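First up is the structure itself, then whatever we jot down about it.
Coordinate-derived values only; no laboratory data. This is a predicted model, so every value here is computed, not measured. Heads up, the Cβs are rebuilt from the backbone with ideal geometry, glycines too, and the neighbour counts pull from every protein chain shown.
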Amino acid sequence: MSRKIGFYRKSSRSNQRLVKLFNELQKDRSQTHWEDANSLYPQRIDWKEKQLRREVLKMLKKGEIRTSDDFYRAAMLFQHRSNFKSYALAVALAAASSHLGEAWGRSLYAMALDRFLLSIGQKQHFGTNFEKVGRNWRLASYNKKTSDYERQFYLVEPMKRILQEIKKLNRTSGR
């Protein structure tokens, strides 16, 4: 979806240290060429994210994560890890963000839940994750009973659009 998402808003009550660090990380991520596996740049981003996650855990323990935007930013950090514990924390943080009023927290919840489910060998619920097999992209295993109505509530594209996106990726992936 093309609308600006939660972390672009800066509530005056938000944790300003988290805002600053998160914005720096997002700027770095936007300049990273992930397809260059030999580049040190993605490794530097991983290192920065690891440091920031440690700091966010300390902030959580101290009660310094308070606003819907704070919970959203924190969820984004843990959603980018690659283990079920981080994904589970991202699900909880995104749910808190949503319940505190961040509409885009629902979308992040859907993405984090799907990653969590895949990480424990289950089908994703919403269909937000793709995987590359050989030279082609495909939708990772998902629950076909999830309705587009439910996807809409969680700000996830309808399945038809998701499948169109995969076709587009396969046309443009250098085949």
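Magnitude of the Cβ-charge dipole of the range 13-119, K/R +1 and D/E -1, about the Cα centre, nearest 20 debye? Can you show the working numbers first?
Numbers: 19 positive and 12 negative charges, 98 e Å.
The calculation lands at about 460 debye.
Mind giving me the FRET efficiency for Arg138 and Lys27? R0 is 35 Å, r the Cβ-Cβ distance, nearest 0.05 is fine. Kindly include the intermediate steps, with their values, before the conclusion.
Details: r = 31 Å, r/R0 = 0.89.
It comes out at approximately 0.65.
Only the Cβ atoms of Lys and Arg (+1) and of Asp and Glu (-1) were treated as charged; on that basis the dipole of the range 88-175 about its Cα centre amounts to roughly 600 debye. Helix 84-99 and the longest principal axis of the C-alpha atoms of the chain enclose an angle of approximately 70°. Taking a ≥ b ≥ c as the square roots of the eigenvalues of the Cα gyration tensor, the range 131-175 is prolate, since a/c reaches 1.5 or more and a/b is larger than b/c.
Straight-line reach from Lys62: which aspartates and glutamates fall under 15 Å, measuring Cα to Cα and dropping same-chain residues less than 8 apart? Within reach: Asp70. Which lysines, if any, have their Cα less than 21 Å from the Cα of Lys145, not counting same-chain residues under 8 positions apart? Candidates past the 8-residue exclusion: Lys123, Lys160. Computed FRET efficiency, Cβ-Cβ of Asn129 and Lys58, R0 45 Å: what is it to the nearest 0.05? Computed FRET efficiency for Asn129 and Lys58 comes out at 0.95. Computed from Cα positions, the angle between helix 159-172 and the longest principal axis of the chain comes to roughly 80 degrees. Under 17 Å of direct C-alpha separation, and excluding same-chain neighbours fewer than eight residues apart, Lys58 reaches these lysines: Lys20, Lys48, Lys50, Lys85.
Protection proxy ranking for 111-122, 91-102, using the average of other Cβ atoms within 10 Å per residue and placing the highest first: 91-102, 111-122.
Rounded, prolate or oblate: which one fits the chain, using the alpha carbon gyration tensor with axes a ≥ b ≥ c (rounded when a/c is under 1.5, else prolate when a/b beats b/c, else oblate)? Write out the running numbers ahead of the final one.
Details: a/c = 1.80, a/b = 1.29, b/c = 1.39.
Note, shape of the chain comes out oblate.
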